[in-house]
Amino acid sequence: MSFWSNVLGPRRTFEGGCFLPDQKAATARRPIEMVAADGPLHIPLQAARGLATIAEIAVGEHVLGGQRLARPAEPDSLPVHAPTSGTITALTRVWAPLDGYLPGAVLEPDGKNQHLGPTPTWESESFVFQLARHGVMCGAPRRPAHRVIQDAVAAGVTELIVNAVETEPYLSADLRTLVEEPGRLIDTICDVADALGAHRAMIALPFRHRRVVKRIEAEATGRHIEVAPLSERYPQCQPTVLVKTLLDREVPVGESVLDVGVLVLPLATIRAAAGALLEGRPVIETVVTVAGDAVDHAGNYRVPIGTPMRRLAERAGLLKPVALAVVGGPLTGVAIGREEAVVTTDTTALLLFSAAEQPKPVPCIHCGWCIEDCPVGLDPSSLIHVEAERTCDEMTLAQLRVCVDCGLCSHVCPAQLPLSASIKRARLRLLRQAEEAVTAGS
Amino acid sequence: MKQEHWIVVEDWPARPAPHRSSGNTLQDILHAWLLAAGIVAICGTVLFGTAAIVTMVLAVAAAVSSDLVFSLVTRRPVIGGLSHAALTGLLLGLTLPATVYWYVPIIGSAVAIVFGKGLFGGLGHYIWQPALVGRVLVQFLFPQQLSLFIALTQSPILAPGHLLVGDIRQARAIDMGTYQGWSGSRTPPLSEAWLMERPVQTLRRFAEGEIKADGDLVYEPLLRDSLPPWRDTVFGLVPGGIGETCTLAVIVAGLYLIYRGYLRWQVPVAMLGSAALAAAILPVEMARGAGGYDWLPVLTVEQGRALGLAYVLYHLTAGQLMLGAFLLAGDMIASPMRVRGQAIFAAAVGVLTIFMRLYGILEGECYWAILIMNSFVAMIDRRTKRAVLGMAM
């Protein structure tokens, strides 16, 4: 980072978006803390809905940390491993925040935390097989990492972008990971880029944290990785926007970034892959940002998979009664619908708020803030009526499909209209209608 | 914290993202605008005395009550609350002189609320800024009342020593030829206010070539003998509408709105910039020799002084234009959506204002310009759409 770029700010940015108050001061400076497994773990035996597995354990069986609990039932699926040593006390269902009820196992830790040794890795073992065997899940397309990489290779991807710009407020897990284990991340990014055959690998970082950028630049010296410091303007973290900013390529309507020759991987996936590739460790824990105004010790926690959200919240300490718990960022996250929710492999944050906002919509006042802030150039205020209509024209449907669900229009709307939610609902319904029309026609 | 439920939730169904909002609600916006208009209103009260308070209170009360009556009759909820009605009434009051009869602000506010806002379906749907709709209608209905005095061309301003408490109707005409500026002149006995021509009116007469040339000098008689000192127009010590004259207060109010993010800085900059450009270029009829038109008045140099620049500055500060640029043109509902569109809109308003001031016959040219451009907002919005990512347009 040269003197002038330091003064002038990031060179590359995108049209639209806005700077949100980043509530990261409480979490960004605290090191990642371990959360010990000191109570029953409700481990989902599927990494996500649809990734079918076959349980390999029985009730009463004693397992070691890292031992496989379920093996994949099909090649596209992922195995599940025990986070710590203990006894299986029940085979029930557990509630994953993004998937609902999944088959699961209750593991009562014995407190010894004995682990299996690192799984031996042979030279002949392929890259994607290592990812698959250790149960690495990708967060942004919610699919197994090995499937994502195979798809990318099949699509002929030439660029890899690692997405470490967390522009949503509160989230700082990626930033802490960058601070604490930069070397491992850079090594893994090189490995992934090699496996992809990508001729360009980039890591997108928040420009604001310049010491982190300098550190990563130092780590990346001599490696074929471009360090791209970007502004904190939300939603820079959306893959479509990242590709537009860094490569000036526009993703066509209804297609993904793979179709323009780019693979965008979140940093959490790289972190999980680092354990699998460098140390032969299966994915048994994840880093979760716990923050919000109801939290006492906001920070980043390294949490075993299957820890109930309630125990995590109580570990961080609650100042006030929680009225709203969100998994993920405040703008794109999912509100927890049940109290028995557990931490899964793709949980990035748990935000606990003492008040749930109750918007009272009034008619649009034409402030134009949603238009100016939309990262893809839509007019959300004109799309809010589509939800109430039975059909819409091609142009409107295309616009609905361009939307990246960043939630910024609803966030800034002074009339408190549910713009992004209505666009999302309209898109899902109209796409389903279009599919039904196609199947009925054929 | 051990308890039966760890999440206290009223309704379990999934809440859609986003879960946090920016905290700027419609009420916040309206309150900020009310505060900004209030700053100008306070300065207007100081400059024009208690009569100004009466006018503005009548305007606000009439606006609020007609909003209530309208919502009662049509059985629609009062959208945006009474804040918007109060803001409309206050803005209308700011555009009126302090000396109007009591029924003028009442009729203006009622017209603004019922015809300007209500008949378009309430807040969020009107085309023309309602306060200005009321203002121009009042201008048509009571052209005599708007200046109160028989000499239509002259209006009052409180004299030194009589600010805030003086009676503005106790006015006496003064001779502009010997006028030394507001603070430099002595109060004539037995009067609390002075009568003089509004600077806008003087500039209009000048553009029509009615101000006699002094030999070869054309601008010197205007600036020296017909207009008050430029400092007075900045502090608002010239006659005019309650909120029109005090340039400084209007700028402060506008900067507050810009700071809060409820007014885009491009609007006043584009409007004042284009108005200055238009005043600098557009020709004025010459009182010298055989007449004819003098283009580019900004380049005028008389007796080694660049009087053209002063002429342009007078156009900006003489009244109306500042109020229009900072408080009236930026109305969210009646202006284009995008920054680009708003800049185009404001620039057109600025040019139209100066054009109508120089060659038009309508009073309140800035208000007319805003209303005319309000009619083109839909067209500007259509022309300034953003390109959607991934859709070749």
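Each reported figure results from applying straightforward, stated rules to the coordinates on display, with no laboratory input. For clarity, every value in this text was computed on a predicted model and none was experimentally measured. As a convention, Cβ positions derive from the backbone with ideal geometry for all residues, glycine included, and neighbour counts pool all protein chains shown.
Can you tell me what percent of all Cα-Cα pairs in the range A:284-353 are more than 16 Å apart? Let's see the in-between values first.
Details: 890 of 2415 pairs.
The proportion of pairs with Cα distances above 16 Å equals 37 percent.
Sequence-distant or interchain residues sharing an amide H contact under 5 Å with A:HIS115, placed H: which?
A:GLY65
Find the centroid of the Cα atoms in the range B:14-40 and in the range A:27-61, then give the distance between the two in whole Å.
43
Only counting other Cβ atoms within 10 Å, I'd like A:LEU242, A:LEU419 sorted with the fewest neighbours first. Intermediate results must be reported in sequence, preceding the final value.
Values: A:LEU242 24, A:LEU419 27.
The fewest-first ordering by Cβ neighbours comes to A:LEU242, A:LEU419.
With labels modelled as points extended 7 Å from the Cα through the Cβ direction, what inter-label distance (nm, one decimal) is found for A:GLU181 paired with A:ALA26?
Here the modelled spin labels are 2.6 nm apart.
By counting other Cβ atoms within 10 Å of each Cβ, how are B:TYR256, B:TYR262 ranked from fewest to most? Please list the in-between numbers first.
Working: B:TYR256 17, B:TYR262 20.
By the 10 Å Cβ count, ascending, the order reads B:TYR256, B:TYR262.
I'd like the trypsin sites (Lys or Arg not before Pro) in the range B:269-378 restricted to DSSP loop residues with at most 16 other Cβ atoms within 10 Å, sorted by number.
Values: sites: B:ARG288, B:ARG305, B:ARG338, B:ARG340, B:ARG357; in loops: B:ARG288, B:ARG338.
Sites meeting the loop and neighbour criteria: B:ARG288.
Could you check how many percent of all C-alpha pairs in chain B are farther apart than 41 Å? Please list the in-between numbers first.
On the way: 14727 of 77028 pairs.
Of all Cα-Cα pairs in chain B, 19 percent lie more than 41 Å apart.
In whole Å, what is the distance between the alpha-carbon centres of the range A:308-358 and the range B:224-287?
First find each Cα centre; the distance between them is then 53 Å.
I need the P(r) histogram for the protein assembly as shown: all alpha carbon pairs, bin width 10 Å from 0 out to the longest distance, whole percents.
Binned Cα distances yield the sequence 2, 11, 18, 18, 15, 12, 10, 7, 4, 2, 0, 0.
Students often get this wrong, so check it: of A:LYS112/A:LYS214; A:LYS214/A:LYS424; A:LYS24/A:LYS360; A:LYS244/B:LYS117; A:LYS244/A:LYS320; A:LYS24/A:LYS424, which have C-alpha atoms separated by over 31 Å?
Working: A:LYS112/A:LYS214 40 Å; A:LYS214/A:LYS424 39 Å; A:LYS24/A:LYS360 28 Å; A:LYS244/B:LYS117 42 Å; A:LYS244/A:LYS320 42 Å; A:LYS24/A:LYS424 28 Å.
In this structure, A:LYS112/A:LYS214; A:LYS214/A:LYS424; A:LYS244/B:LYS117; A:LYS244/A:LYS320 exceed 31 Å between Cα atoms.
Spin-label point model (7 Å from Cα, Cβ direction): what's the B:THR178 to A:ARG338 distance in nm?
It works out to 9.4 nm between the two label points.
Relative to the longest principal Cα axis of chain A, at what angle does helix A:267-278 sit, 0 to 90 degrees, rounded to 10?
30
How large is the Rg to Rh ratio of the range B:27-141 when both quantities use alpha carbon positions and Rh follows Kirkwood?
Values: Rg = 13.2 Å, Rh = 13.8 Å.
My calculation puts Rg/Rh at 0.96.
Which value in nm describes the separation of the simple spin-label points at B:LEU164 and A:GLU255, placed 7 Å from the Cα toward the beta carbon?
About 7.1 nm, to one decimal.
For the range A:103-233, what is Rg from Cα atoms divided by 2.2 N^0.38 Å, rounded to two decimals?
On the way: Rg = 17.1 Å, N = 131, 2.2 N^0.38 = 14.0 Å.
For the range A:103-233, the normalised Cα radius of gyration is 1.22.
Which order do peptides B:57-65, B:177-185 fall in by mean Cβ count within 10 Å, highest first?
On the way: B:57-65: 22.3, B:177-185: 12.7.
Per-residue Cβ counts within 10 Å, averaged per peptide and sorted highest first, yield B:57-65, B:177-185.
Find how many whole Å separate the alpha carbon centroid of the range A:388-418 from the alpha carbon centroid of the range B:328-344.
22
Counting only DSSP beta bridges with both residues in the protein assembly as shown, what percent are antiparallel, rounded to the nearest 5? Don't skip to the end; give the middle numbers.
Values: 47 of 74 bridges.
Rounded to the nearest five, the antiparallel share is 65 percent.
Can you pull out the cysteines in chain A that have no other Cys Cβ under 4.7 Å?
A:CYS18, A:CYS138, A:CYS190, A:CYS237, A:CYS364, A:CYS367, A:CYS374, A:CYS392, A:CYS403, A:CYS406, A:CYS413
Suppose R0 equals 45 Å. What FRET efficiency, 1/(1 + (r/R0)^6) with r the Cβ-Cβ distance, do A:SER382 and A:GLU61 give to the nearest 0.05? Before the final figure, lay out the partial values.
Values: r = 59 Å, r/R0 = 1.31.
FRET efficiency, A:SER382 to A:GLU61: 0.15.
Looking at chain B, identify the longest residue range that excludes and avoids all GluC sites (Glu not before Pro) in DSSP loops having at most 16 other Cβ atoms within 10 Å.
On the way: sites that count: B:GLU4, B:GLU10, B:GLU208, B:GLU210.
Result, exposed sites excluded: B:11-207.
Quick one: net charge of A:ARG211's neighbours, Cβ under 14 Å, K/R +1, D/E -1?
+3
At 20 °C and 1.002 mPa s, what whole-number value in µm²/s does Stokes-Einstein give for the translational diffusion of the range A:369-441, with Rh from the Kirkwood sum over Cα pairs? Display every interim value, and only then the final one.
Values: Rh = 12.5 Å.
The diffusion coefficient I find is 171 µm²/s.
For chain B, what proportion of DSSP beta bridges, expressed in % and rounded to the nearest 5, is antiparallel?
Working: 9 of 12 bridges.
Close to 75 percent.
From the phi angles alone, apply the Karplus equation (6.51, -1.76, 1.60; θ = phi - 60°) to the range B:109-114 and give each ³J(HN,Hα) in whole Hz, x where the residue is Gly or Pro.
Ordered by residue, 3J(HN,Hα) equals 5, 4, 4, 4, 6, 6 Hz.
Once the Cβ-Cβ distance between A:ALA154 and A:ASP296 is put in as r, and R0 is 45 Å, what FRET efficiency do you end up with, to the nearest 0.05? Walk me through the intermediate numbers first.
Details: r = 48 Å, r/R0 = 1.06.
Here the calculated transfer efficiency is 0.40.
Calculate how steeply helix B:365-374 sits against the longest principal axis of the alpha-carbon atoms of chain B, using the helix alpha-carbon long axis, and give the answer as 0 to 90 degrees to the nearest 10.
The angle comes out at about 30 degrees.
With a/c under 1.5 counting as rounded, go ahead and sort chain A into rounded, prolate or oblate using the C-alpha gyration tensor (a ≥ b ≥ c being the square roots of the eigenvalues; past the cut-off, prolate if a/b is larger than b/c, else oblate). Don't skip to the end; give the middle numbers.
Values: a/c = 1.39, a/b = 1.26, b/c = 1.10.
Rounded is the answer for chain A, as its axis ratio a/c remains below 1.5.
For A:VAL253, what is the net charge nearby, where nearby means another residue's Cβ is under 12 Å from its Cβ and Lys, Arg count +1, Asp, Glu -1?
Numbers: positive: A:ARG401, A:ARG427; negative: A:GLU250, A:GLU255, A:ASP259, A:GLU394.
Summing Lys and Arg as +1 and Asp and Glu as -1 gives -2.
Please list, ordered by chain and number, the residues whose modelled amide H lies under 5 Å from the amide H of B:ALA173; skip anything fewer than 5 residues away on the same chain.
B:LEU195
What Cys residues in chain B have no fellow cysteine's beta-carbon under 4.7 angstrom?
Taking the Cβ cut-off of 4.7 Å, the unpaired cysteines of chain B are B:CYS366.
Quick one: putting +1 on the C-beta of Lys and Arg, -1 on the C-beta of Asp and Glu, what dipole do you get for the range A:284-353 around its Cα centre, in Debye to the nearest 20? Please list the in-between numbers first.
On the way: 6 positive and 7 negative charges, 14 e Å.
The calculated dipole for the range A:284-353 is roughly 60 debye.
Defining a contact as two alpha carbons under 8 Å apart and six or more residues distant in sequence, what relative contact order in percent does the range B:235-393 show?
On the way: 212 pairs, mean separation 40.2, N = 159.
It comes to 25 percent, rounded to a whole number.
Residue by residue, what Karplus-based ³J(HN,Hα) values in Hz, rounded to whole numbers, does the range A:415-421 have, using 6.51, -1.76 and 1.60 with θ = phi - 60° and x for Gly and Pro?
Values, residue by residue: 7, 6, 6, x, 5, 5, 5 Hz.
Taking every DSSP beta bridge with both residues inside the range A:228-363, roughly what % is antiparallel (nearest 5)?
Working: 14 of 17 bridges.
Beta bridges within the range A:228-363, antiparallel portion: roughly 80 percent.
Considering the Cα positions of the range B:195-381, please state its Rg to one decimal place and its Dmax as a whole number of Å.
Computed over the Cα atoms of the range B:195-381, radius of gyration and Dmax are 16.6, 53 Å.
By how many degrees, between 0 and 90 and to the nearest 10, does the Cα long axis of helix A:210-219 differ from the longest principal axis of chain A?
Compared with the principal axis, the helix lies near 60 degrees.
Quick query: amide H of A:THR53 versus all other amide H atoms, modeled in the peptide plane; which residues come in under 5 Å with a sequence gap of 5 or more or a different chain?
A:ALA73
Considering every pair of different Cα atoms, what Kirkwood radius, in Å, is found for the range A:41-109?
Details: mean 1/r = 0.0851 Å⁻¹.
By the Kirkwood definition, the hydrodynamic radius is 11.8 Å.
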